[in-house]
Amino acid sequence: MFFSRSTIFATALTAIGFPALANDVNVYSYRQPELVKPLFDAFTEQSGITVNVQFLKKGLVEKLVAEGNRSPADVILTVDISRLNSVVEAGVTQPIISEILNNNIPAVSYTHLTLPTIYSV
């Protein structure tokens, strides 16, 4: 079964337990804007939820650590497993336990991380 990236992104965002009346979601991203903007636009179109994005070239871990529990970030997007691992090891994320995600996104195990484990800030 094939799922488009926008469907997976929308499912992940919806499944992480946003309040029922949430009007926006805050994303910190290492991805290039032109690569992910179509996903954000599709999500907004399907859900009515605005995606606010901070595109970063470096310093994501330091930013999240400095913000601590006050971080406005709901979702982080990284460009590779090592950057994701750095964020997880910094202790600023939490795994999302979701039957919806487990049923729709196949898991692959890489040492101590299970991908695509979705981490919330």
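Could you say whether any residue in the stretch 25-36 is without any contact (Cβ under 8 Å) to a residue 40 or more places away in the chain and surrounded by 13 or more Cβ atoms within 10 Å (Cβ to Cβ)?
Checked the stretch 25-36: no residue is without any contact (Cβ under 8 Å) to a residue 40 or more places away in the chain and surrounded by 13 or more Cβ atoms within 10 Å (Cβ to Cβ).
Find the residue count for the stretch 62-104, including only residues that are touching a helix residue (DSSP H, G or I) at 6+ places or on another chain (Cβ under 9 Å), of a type in the set (A, V, I, L, M, F, W, C) and surrounded by 18 or more Cβ atoms within 10 Å (Cβ to Cβ).
Adding up the residues that qualify gives 8.
Considering the stretch 38-50 alone, what residues qualify as being loosely packed, with under 15 Cβ neighbours inside 10 Å and in a helix (DSSP H, G or I)?
PRO38, ASP41, GLU45, GLN46
Pairs please, first residue from the stretch 95-115 and modelled with pLDDT under 75, second anywhere and outside any loop (DSSP other than H, G, I, E, B) and surrounded by fewer than 12 Cβ atoms within 10 Å (Cβ to Cβ), Cβ atoms under 6 Å, 6+ apart in sequence or on different chains.
Listed pairs, sorted by first residue: ALA107/THR114; LEU115/VAL108.
The values are calculated or read from the model by the stated rules, or taken from the named source; none is laboratory data. Everything numeric here is computed off the predicted structure, so don't read it as measured data. Ideal geometry is used to build each Cβ from the backbone, glycine not excepted, and the neighbour counts take in all protein chains shown.
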